Amino acid sequence: MADFLSPSMEVASALASGQPIVALESSVWVQGLAWPHNWETAQQVEQVIREQGAVPAVIWVEDGLIHFGLGAASLEELCKNPRGTKLNVADLPAALATRQPGATTVSASLRAAELLGLKVFATGGVGGVHRGWQDHFDFSADLLELARTSLVTVSAGVKCVLDVEATLEALETLAIPVFRYATDTFPEFFCPGSRVYGNRFDEPEQIAQAYRFSRQILGRGCLVVQEPPSSISPKLLHKWLHKGLAQVPKGGKEVTPFLLQWVAKASAGLTVEVNRGLLIANARLAAQIAVCLGENRG
Ligand code: PSU
Ligand code: MN
């Protein structure tokens with residue numbers, strides 16, 4: 001194992017004994033949700049993973065190390081006093097070399113989790129092609145890393161603040177296998193899905209089986225999507241998003257946090273509630289898939 005990978009005692013012993021592990025990003029706790037929602041949700045996410053018999057592993061960068069699994073006290077402190085920058089996969093080398101703290105996005109988390117040998121990762125909604133890409137090209141590193149790494153990523157689809165149509169085209173071009181869990185349409189994070197994309201499965205075991213084929217045939221993982229437990233109508237979301245889109249910075253790391261914070265404010269916190277619900281539901285499904293993959297069956 002590379003010397004910059006630093007699993008907690010719990011994660012290291014789960015790895016050694018073959019206990020299922022669910023990798024988690026830290027960007028959602030640091031740049032996404034605010035105190036106390038981040039800490040409350042982080043605890044619920046970890047709890048549902050444990051209830052299924054798996055071990056949660058939040059990924060976080062500090063002191064020249066990639067940490068896997070933060071103890072409750074460290075995670076609470078991080079949520080209360082967020083620090084560190086938002087790290088995409090390409091930011092990892094500099095973050096380690098400078099020993100600066102950083103929170104991992106989907107792309108950085110996937111790469112780090114792969115280096116440690118983890119198989120399953122849970123998030124909220126993945127990044128993609130931003131609206132207005134025709135004028136200013138902005139394409140999340142999340143998509144490229146989904147295509148390059150070999151984990152199961154469990155999500156509520158792609159973020160509705162994106163150009164969803166263009167993002168689906170990108171998923172197709174990058175040949176990322178998409179498995180819909182118990183839904184006929186491809187979900188859009190806060191919003192229910194309206195487009196048919198990917199293949200439907202109704203059992204975590206079937207997803208585990210399709211993932212095994214994905215690894216064998218494509219040498220990579222897959223994107224699992226499920227509907228959020230509660231959602232917001234696209235009409236309402238677009239009403240809130242409208243003014244935010246006019247003021248959003250052109251490109252850069254701020255775009256996604258800006259838009260998500262904008263809709264959280266415009267909706268008087270409703271999107272935060274929906275986000276929390278889907279993060280917990282995704283963690284549960286990820287843990288179920290991790291358990292199906294098991295020690296000797298992955
Ligand atoms: N959730 C949030 N805010 C965020 C993110 C998640 O509420 O900023 C992170 C996720 O980790 C996702 C990333 O991977 O934003 C996508 O950002 P970008 O579009 O810049 O690639
Ligand atoms: Mn971007």
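What to note about this one:
- Measuring nothing but how far apart in sequence close Cα pairs (under 8 Å, 6+ apart) lie, relative to its length, the chain scores a relative contact order of 21 percent.
- Within region 5-295, percent of DSSP bridges classed antiparallel, to nearest 5: 30
- A simple count of charges around residue 180, restricted to other residues whose Cβ falls under 10 Å of its Cβ and scoring Lys, Arg +1 and Asp, Glu -1, yields -2.
- Positive minus negative residues near residue 47 (Lys, Arg vs Asp, Glu; Cβ under 12 Å): -1
- Less than 5 angstrom separates the built amide H of residue 152 from those of 120, 121, 222, all sequence-distant by 5 or more or on a different chain.
- Computed on protein heavy atoms with a 1.4 Å probe, the accessible areas place 263, 28 in the order 28, 263, largest first.
- Measuring with a 1.4 angstrom probe and ignoring ligands and nucleic acids, residue 238 comes out at about 80 Å² accessible.
- Note on the chain: dipole from Cβ charges, positive end direction compared against 73, 117, 102; the farthest Cα belongs to 102.
- For the peptides 92-104, 54-66, the ranking by mean Cβ contacts within 10 Å, running from highest to lowest, is 54-66, 92-104.
- With 5 Å bins beginning at zero, the pair-distance distribution over Cα atoms of region 1-58 amounts to 4, 17, 23, 23, 16, 12, 4, 0 %.
- Protection proxy ranking for 229-235, 268-274, using the average of other Cβ atoms within 10 Å per residue and placing the highest first: 268-274, 229-235.
- 18 Å Cα cut-off, lysine pairs counted over the chain (separation 8 or more, or different chains): 13
- Relative to the Cα centre, the charge distribution of the chain, modelled as +1 at Lys and Arg Cβ and -1 at Asp and Glu Cβ, gives a dipole magnitude of about 380 debye.
- Membrane-span-like helices in the chain (whole DSSP H runs, Cα extent of at least 18 Å along the helix axis, mean Kyte-Doolittle hydropathy of at least -1.0): 204-218, 234-247, 270-297.
- When all protein chains stay in place and ligands, DNA and RNA are ignored, the 1.4 Å accessible-area order of 254, 46, 114, largest first, is 254, 114, 46.
- Residue ranking by accessible heavy-atom surface, 1.4 Å probe, largest first, among 179, 213 comes out as 213, 179.
- Convex hull projection area averaged over all views, region 5-295, Cα basis, nm²: 13.5
The values are calculated or read from the model by the stated rules, or taken from the named source; none is laboratory data. Predicted model only: the values in this text are computed from it and were never measured. Heads up, the Cβs are rebuilt from the backbone with ideal geometry, glycines too, and the neighbour counts pull from every protein chain shown. When the accessible area is computed, the model is the full protein with side chains, heavy atoms only, and any ligands, DNA or RNA have been set aside. Shrake-Rupley method; radii C 1.70, N 1.55, O 1.52, S 1.80 Å.
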